[in-house]
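Working notes, beginning with the structure itself.
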Amino acid sequence: MEHGPSPSVPAAPARTVPPAALGLLGLQHVLVMYAGAVAVPLIVGRALKLPPEQVAMLVSADLFACGLATLIQSWGLPGIGIRMPVMMGVTFAAVTPMIAMGTSPDLGLTGIYGAVIVAGLFALFAAPLVGRLLPLFPPVVTGTVILVIGISLMRVGVNWAAGGVGNPQYGAPLYLGIALFVLLVILALTRYTRGFVASASVLIGIVAGMAAAGAFGLVDLSRVAAAPWFDVVRPFAFGMPTFDLVASLTLCLVMVVVMIESTGMFLALAEITGETVDEPRLVRGLRADGLGTALGGIFNTFPYTSFSQNIGLVGVTGVRSRWVTVIGGFIMLGLGLIPKLAALVEAVPPCVLGGAGLVMFGMVAATGARILGAVDFAGNRNNLFIVAVSVGFGLIPLVAPNFFRQMPDALHPLLESGILLAALSALALNLFFNGLGSQAGARAEATRLAHAAEA
């Protein structure tokens, strides 16, 4: 039904795509999301001080699982997948709690994967209930959580720009100069270009920064040369997962936030494509988030969600065929089977990633601020207290890492995640001050928030 001749007016929204164009359009979606897709394994791998070969393995696993999750979402399985043009990638919302888990002596990487699998299965079976949870997440809650996510991640970008934590040359002018160069390239492309080039500005900035860093001898390609051209992604490559109750509950809460965000993305995409997303179709899409996340835990990677920049690309290109993202999913699968490419990603110097990270993570925080800009603070002063207290809780692990040191070890994955502290605080305070809103109003707000995120 979605195949056929191309429309007579290229700029018009298109459900039919010539087969020859599918590959290029699919690659376009991959390039737009690529920098964001590989950021999470780099952040987690380096935070856990994994060897470069294992960080590269995380990147390969992530790309492979991105492809699997995208195919499940766009192509679909019986009862699973929204079957719309959606690209899936690792969510930034889980980064901080996963690092807290990974650095815990009792959990480590296998503890992360156990929690990811549990959270994925939880999302798979809890999907029918999530629509009813929408009233718990009005803009004052969602905006606060997204703002804290961005602020928490900015620490990673800033440390990258200075050369990376533990680098004896931390803060060297050369590192700062290259990070600034990457930032300026991204800003120039965003300001002076349009369409695909502007959408892929972060990736192009990283490539330019890699070239500049190479000119100063900061790029070591020896591991790229040693890496094979092809290898399979093996399940449980880091060992069998271990399961911890608090860690699992922590990521289940993260998945609730992720699914609420996905709900808004799906509703916004429905407006762009002119399709109808009823409750059964929405549930199928959320189940794909859950199955993709569970597979992520099996294939050595992390929780998955729909990428907003790709939904924005659908609106920019006007191509509404899901087969474009199906092809994109196959491309991601293929990229995950090329260890040499993963080794190249791992070889990107931290200072290069720092310039891009300031943009990527800053945009997350800016999206939260933009959502909060639509909150009624003048007519409802209680919203000020919700944001103020929740952001304060969210910043505790960032500004005072030892604040909860005397608390039981089992609670550290929860207490050391500013994102979860902010989410729990915002949820509780919103119910205390504002009560529970209506279901119809919550769906309308979710759609509006998704448009804000993709703009």
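What the table below lists for this structure:
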| quantity | calculated |
| --- | --- |
| Length added when fully stretched, ALA410-ALA366, from 0.36 nm per residue minus Cα-Cα | 12.5 nm |
| The chain, relative contact order in percent, only Cα pairs under 8 angstrom and at least six apart counted | 35 percent |
| Separation in nanometres of the label points that stand 7 Å from Cα toward Cβ, at GLU279 and PHE385 | 3.5 nm |
| Sum of -39500 (n - 2.57) over DSSP H runs of 4+, divided by residues of the chain (222 nm, nearest 500) | -23000 deg cm²/dmol |
| Dimensions (Å) - the chain, Cα atoms, principal axes, largest first | 66, 58, 45 |
| Exposed-loop-free span, longest in the chain, where trypsin sites (Lys or Arg not before Pro) count as exposed if DSSP calls them loop and at most 15 other C-beta atoms lie within 10 Å | 195-380 |
| Taking the range 159-213 and dividing mean pair separation by its residue count, relative contact order in percent (alpha carbons under 8 Å, at least six apart) | 29 percent |
| Point-to-point label distance, TYR192-LEU174, nm (Cα→Cβ direction, 7 Å offset) | 2.8 nm |
| Whole-number D in µm²/s for the range 135-199 (Stokes-Einstein; Kirkwood sum over Cα pairs; 25 °C, 0.890 mPa s) | 170 µm²/s |
| Cut-off 14 Å between beta-carbons: net charge of the residues surrounding GLY357, Lys and Arg +1, Asp and Glu -1 | +2 |
| The range 84-94 - phi-based ³J(HN,Hα) in whole Hz, Karplus 6.51/-1.76/1.60, Gly and Pro as x | 10, x, 10, 9, 9, x, 5, 7, 6, 4, 8 |
| Amide proton proximity set for VAL319, modelled H, under 5 Å, gap of 5+ | ALA14 |
| J(HN,Hα) series, the range 54-61, from Karplus relation 6.51 cos²θ - 1.76 cosθ + 1.60, nearest Hz, glycine and proline x | 6, 4, 4, 5, 4, 5, 4, 4 |
| For the range 69-96 and the range 210-255, distance of Cα centres in Å | 20 Å |
| Length gained when the stretch ILE396-GLU53 is fully extended (0.36 nm per residue, less Cα-Cα span) | 120.2 nm |
| Simple Cβ-charge dipole of the chain, Lys/Arg +1 and Asp/Glu -1, about Cα centre, in debye nearest 20 | 480 debye |
| Vicinal HN-Hα couplings computed from phi for the range 163-174 (Karplus, 6.51 cos²θ - 1.76 cosθ + 1.60; Hz; Gly/Pro x) | x, x, 4, x, 6, x, 9, 3, x, 4, x, 4 |
| DSSP loop chymotrypsin sites (Phe, Trp or Tyr not before Pro) with at most 11 other Cβ within 10 Å: longest gap in the chain | 1-228 |
| Cα lying deepest toward the dipole's positive end in the range 201-286, options PRO228, LEU249, THR276, charges on Cβ | PRO228 |
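Every number here is computed from the coordinates shown, using simple stated rules; none is lab data. Predicted model, so just to flag it, every value in this text is computed and none were measured. Every residue, glycine as well, gets a Cβ built from its backbone with ideal geometry; the counts of neighbours run over all protein chains shown.
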